[in-house]
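Visitor: Attaching a single structure in structure tokens format; questions to follow.
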Amino acid sequence: MAGKGSEDGGVPLPPLPRRTRLLLYGAFLLLVGAVLTDVLTGPGTTLSPVLAVAPVLVGATTRRARVPLVTGAAAIAVAGLLEGGSNTHLPGSVHLASLITITAATLASTANVVLIAARERELFHVRTVAEAAQRALLRPPPERAGPLRIAVRYVAAAAEARIGGDLYEVADTPYGVRILLGDVQGHGLPAVETAADVLGAFRTAARTEPDLARLAERLDAVLADRPGGGRFVTALLLGVDPDGATRLVNCGHPHPLLRRAGGVTELAPTRHAPPLGLLGLVGDGGYRAEPLDPHPGDLLLLYTDGVSEARDTADVFYPLATRLPHLPATAPDDLLDALLTDLAAWVSPSGLADDAAALAVRWEQ
């Protein structure tokens, strides 16, 4: 059946869902059954008006206007054959009713195909722009930075989405490697605008601010000074200095996980701090950079709550800390691929309720 791979105006027609295909198959079988019944019942009766559903059915499987038009013309021809011959004594109103019904259904189906194709082209172009915006906003991180091997994954909660409020960035600066992963409060364009502001500030400040805690405070100030205010960002900042000294600043974000020698440790801060944008309201002494002593081969996982708060059909959170040690991977790319596969199996068929971002770093030396 059409619907797999056909295109109109360069926009791919997505495959029809299995349930939809089954319903259409059933409708086509009923149509064929009606035509056979008409042939077998002989003169005096006709079921030819049911042929009006033919262009409607094919209209659901295509984005080409000529397909329902051709199908409608064929249906009119078949109706003429069914109503002709031994059925020539049927009232003229029957023939006219069949012709009008099939023609009207053909025109309506064609108009619907044209309208849907135009809207899908518009959506395709909007999504193309969104993808370009995401590439500009969330740049792919380098595979290597200093002693770290790095990988990142971002998954939108909705298949149609391409951009959201989760953010990440990796900067190799004169003061060492600086990594940011965050989650903006809220959704939609306001969240995207906030994410853009935070990323822009981080890309500038990371190259001029040697102190990681002070870097977090500068990001907080950017959010606090935004017109309107009121929007905050939970975030993690990881800093690896040229001499190997490693520090972590947690700004109200889910605790990162350190995988070492088959075990996993949750890195909870000794003193909790507010998200970026709220330091002036609930802060107590500013942000604190806490030391981390990584070993070669250690793997650190930073993630947003779209991962840790993903729920299964029983409304149970995804047990990230207990599943992570059993994922069959050590390289960051392989680990994140295994994580997303496991996460998808956990939430299926409900799907993710929130955007999810995960960033993994492994100490190579």
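The values are calculated or read from the model by the stated rules, or taken from the named source; none is laboratory data. From a predicted model like this one, the values you see are computed outputs, not experimental measurements. Cβ coordinates were reconstructed from backbone atoms using ideal geometry, including for glycine residues, and neighbour counts include every protein chain displayed.
Matching residues to (1) surrounded by fewer than 16 Cβ atoms within 10 Å (Cβ to Cβ); (2) of a type in the set (A, V, I, L, M, F, W, C):
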{"site": "His255", "(1), (2)": "no, no"}
{"site": "Leu279", "(1), (2)": "no, yes"}
{"site": "Pro291", "(1), (2)": "yes, no"}
{"site": "Ala310", "(1), (2)": "no, yes"}
{"site": "Asp315", "(1), (2)": "yes, no"}
{"site": "Thr322", "(1), (2)": "yes, no"}
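Visitor: Quickly run through the range 240-261 and pick out the residues that are β-branched (Val, Ile, Thr) and without any contact (Cβ under 8 Å) to a residue 60 or more places away in the chain.
Guide: If the condition is that a residue be β-branched (Val, Ile, Thr) and without any contact (Cβ under 8 Å) to a residue 60 or more places away in the chain, then Thr246, Val249 are the ones that fit.
Visitor: Got a number for residues in the range 211-241 being in a loop (DSSP other than H, G, I, E, B) and at pLDDT below 95?
Guide: 8
Visitor: Further question: How do the pairs read when you match residues in the range 164-187 that are in contact (Cβ under 8 Å) with a residue 24 or more places away in the chain with residues anywhere that are aromatic (Phe, Trp, Tyr), using Cβ under 7 Å and keeping only pairs 6 or more apart or on different chains?
Guide: Taking only residues 6 or more apart or on different chains, the pairs are Asp166/Tyr154; Glu169/Phe202; Leu180/Tyr168; Leu180/Phe202; Leu181/Tyr168; Gln185/Phe232.
Visitor: Applying the selection to the range 323-365, what residues are touching a helix residue (DSSP H, G or I) at 6+ places or on another chain (Cβ under 9 Å) and at pLDDT below 90?
Guide: Pro328, Ala329, Gly351, Leu352, Ala353, Asp354, Asp355, Ala356, listed by residue number.
Visitor: Just to check your reading of the model, which residue among Leu40, Leu123, Leu115, Leu82 is modelled with pLDDT of 80 or more and part of a helix (DSSP H, G or I)?
Guide: Among Leu40, Leu123, Leu115, Leu82, only Leu115 is modelled with pLDDT of 80 or more and part of a helix (DSSP H, G or I).
Visitor: Applying the selection to the range 184-219, what residues are more than 17 Å from Pro140 (Cα to Cα) and either touching an Asp or Glu at 6+ places or on another chain (Cβ under 7 Å) or of a type in the set (D, E, K, R) (or both)?
Guide: The answer is Glu193, Asp197, Arg207, Glu209, Asp211, Arg214, Leu215, Glu217, Arg218.
Visitor: For the subset of the range 262-282 comprising residues that are touching a residue at least 24 places away in the same chain (Cβ under 8 Å) and in a loop (DSSP other than H, G, I, E, B), which member is nearest to Thr194 (Cα to Cα)?
Guide: By that ranking, first place goes to Gly277.
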